[in-house]
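Peer 1: One structure coming up, written as structure tokens, with questions to follow.
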Amino acid sequence: MDLRNVYISHTNCVTPLGFDVESNVHALEKGISGISRQDNPALMDAPFYSGVIDDEKLNAAFAAISNGNSYTRLEKMMLLALYPVVQKAGIALTGKTAFVLSTTKGNITALQHNEAVPQEAYLQGLAQNIAGFFGFSSQPIVVSNACVSGILAISVAKRIIQAGAYDHAFIVSGDEVSKFVLAGFNSFQAMSDEPCRPYSANRKGVTLGEAAAAALVTVDSNNANAKIIGDGSINDANHISGPSRTGEGLVRSIESALKEAKVSADAIQYISAHGTATPFNDEMEAIAFNRTGLNEIPVNSFKGYYGHTLGASGLLETVMGLETMKHNRVYTSLGYDEPGVSQPINVIRENKDTQVDYFLKTASGFGGCNTAVVFQKIKNDR
């Protein structure tokens, strides 16, 4: 059976580096990181490094699109990310238009001062609040599968469109730095005492961050950034917080994505990897890339710019990856200096121009989840 072509277009993001794609790309070009030292006892007793969005800038930007004062901080981030995507698309938010929201923790901070659980603390409640702002008529689809949530949302959107259930799907992903999230990662002794260094021998662990990102996935090739040509999501069933030591889940996810895309590993010209700067994740990815014949493909992690933005990371890093493909320019994997994994991978050390017609995005997360998606540059599809 021939499946419909599915495209991704009209992207946006809200990060510590800026509230649009252009400002974020400018920061990548200049090697500017959104990670900084935080002294906030309300979040963590000791100082820590994180990528945190400035509240004053966030509130000022939100005031330009709404005078509503009932939205949570995370909701403001998500609404700001999705607003220009909806405006530019000009698509009716009824009928065969889906709304997909991805996050890991959602409005977890809503539980801090309430005995009863408020509606917005439920992920479906969060999704309903965002959908209601724009007037989506379809029931929101929530994707919450640890740290693959953002890229998995693209996969879900692609599949429901291919199945003919919808023609378009607006996606928004987001998570914020909270006391709950910081305490969780700190309990694993996984947090770095400096900005993270993915794949480096000198890495000290993960740096957390916050962001929101948005995109339109659609059957319409007009204004498309790329075609989504293959995806795969396989659980390695290894451990609640540790990936398979052989990279099995990620290997099978990549193989599934390449098979559907009908391209070989050597067709891929750039990989945006997960790259959390933890010993187990970085090593697992290096093994998986070698097993799938991708070890010589240029690869980077955007975690050195943003920190690990949890449920937003997969979509945010896809947005930046699409810019890489659009401009045929790859960006340095910030923080990398010398190899810190047992098998060779081609980590990008400096910004440079290079042809990118096929781009692979991968992600892995707690519970053994893994996702891989292949994107193809638009050339003669219009």
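The values are calculated or read from the model by the stated rules, or taken from the named source; none is laboratory data. Since the model is a prediction, treat every value here as computed from it, not as a measurement. A quick note on method: Cβ atoms are made from the backbone with ideal geometry, for glycine too, and the neighbour counts reach across all protein chains shown. Note: areas computed on protein heavy atoms with side chains; ligands, DNA, RNA excluded. Shrake-Rupley method; radii C 1.70, N 1.55, O 1.52, S 1.80 Å.
Peer 1: Just order 130-140, 284-294 by mean Cβ neighbour count inside 10 Å, highest at the front, would you?
Peer 2: Values: 130-140: 15.8, 284-294: 23.3.
My ranking of the peptides, most packed first, is 284-294, 130-140.
Peer 1: Sticking with the crude label model, points 7 Å out along Cα→Cβ, report the distance from Asn40 to Ala267 in nm, one decimal please.
Peer 2: Going from the Asn40 label point to the Ala267 one covers 4.4 nm.
Peer 1: Mind jotting down the distance between the C-alpha centroids of segment 349-382 and segment 199-230, whole Å?
Peer 2: Their Cα centres are 8 Å away from one another.
Peer 1: Output the peptides 338-344, 270-276 sorted from most to least packed, where packing is the average of other Cβ atoms within 10 Å over each peptide's residues. Mind dumping the intermediate values first?
Peer 2: Details: 338-344: 14.4, 270-276: 27.9.
Answer by packing, highest mean first, reads 270-276, 338-344.
Peer 1: If I compute Cα Rg over 2.2 N^0.38 Å from the structure I just sent, which labelled value in (i) 1.00; (ii) 0.91; (iii) 1.21 lines up?
Peer 2: Answer label, from the structure shown: (ii).
Peer 1: Lysine pairs in segment 8-109 8 or more apart or on different chains: how many have alpha carbons under 22 angstrom apart? Don't skip to the answer; put the middle values down first.
Peer 2: Working: Lys30/Lys57; Lys57/Lys76; Lys76/Lys88; Lys76/Lys105; Lys88/Lys96.
Taking the Cα cut-off of 22 Å, the pair count is 5.
Peer 1: Let me ask something additional. Please calculate how many Å² of accessible area the chain carries per residue, with a 1.4 Å probe and no DNA, RNA or ligand atoms counted.
Peer 2: Working: 14990 Å² over 382 residues.
Accessible area per residue, the chain: 39 Å².
Peer 1: Please work out how much accessible surface His239 shows to a 1.4 Å probe, ignoring ligands, DNA and RNA, in Å² rounded to 10.
Peer 2: Its heavy atoms expose roughly 100 Å² to the probe.
Peer 1: Of the DSSP beta bridges with both residues in the chain, give the percent that are antiparallel, rounding to the nearest 5. Don't skip to the answer; put the middle values down first.
Peer 2: Numbers: 39 of 60 bridges.
Percent antiparallel among DSSP bridges in the chain is about 65.
Peer 1: Compute the distance in nm between two label points, each set 7 Å from the Cα along the Cα-to-Cβ direction, one at Gln189 and one at Gln112.
Peer 2: The two pseudo-label positions are separated by 2.8 nm.
Peer 1: Please report, as a whole percent, how much of the solvent-accessible surface of the chain comes from carbon and sulfur atoms (probe radius 1.4 Å). Working shown, then result.
Peer 2: Details: 7100 of 14990 Å².
Ligands and nucleic acids excluded, carbon and sulfur give 47 percent.
Peer 1: Turning to a different aspect of this structure: Report the label-to-label distance for Arg245 and Ala201 in nanometres (one decimal), using points 7 Å from each Cα along the Cα→Cβ vector.
Peer 2: Between Arg245 and Ala201, the simple spin-label model gives 2.3 nm.
Peer 1: Could I ask something else about it? Between segment 134-153 and segment 233-279, what's the alpha-carbon centroid distance in Å?
Peer 2: 21
Peer 1: Please give the calculated 222 nm ellipticity per residue for the chain, where each DSSP H segment of at least 4 residues contributes -39500 (n - 2.57) and the sum is spread over every residue; nearest 500 deg cm²/dmol? Numbers along the way, then the final one.
Peer 2: Numbers: 10 runs with 117 residues, N = 382.
Value at 222 nm, helices only, nearest 500: -9500 deg cm²/dmol.
Peer 1: Rounded to whole Hz and in sequence order, give me ³J(HN,Hα) for segment 37-54 from the Karplus expression 6.51 cos²θ - 1.76 cosθ + 1.60, θ = phi - 60°, writing x for Gly and Pro.
Peer 2: With the stated coefficients, segment 37-54 comes to 6, 10, 10, 9, x, 5, 9, 7, 4, 9, x, 8, 9, 6, x, 10, 7, 5 Hz.
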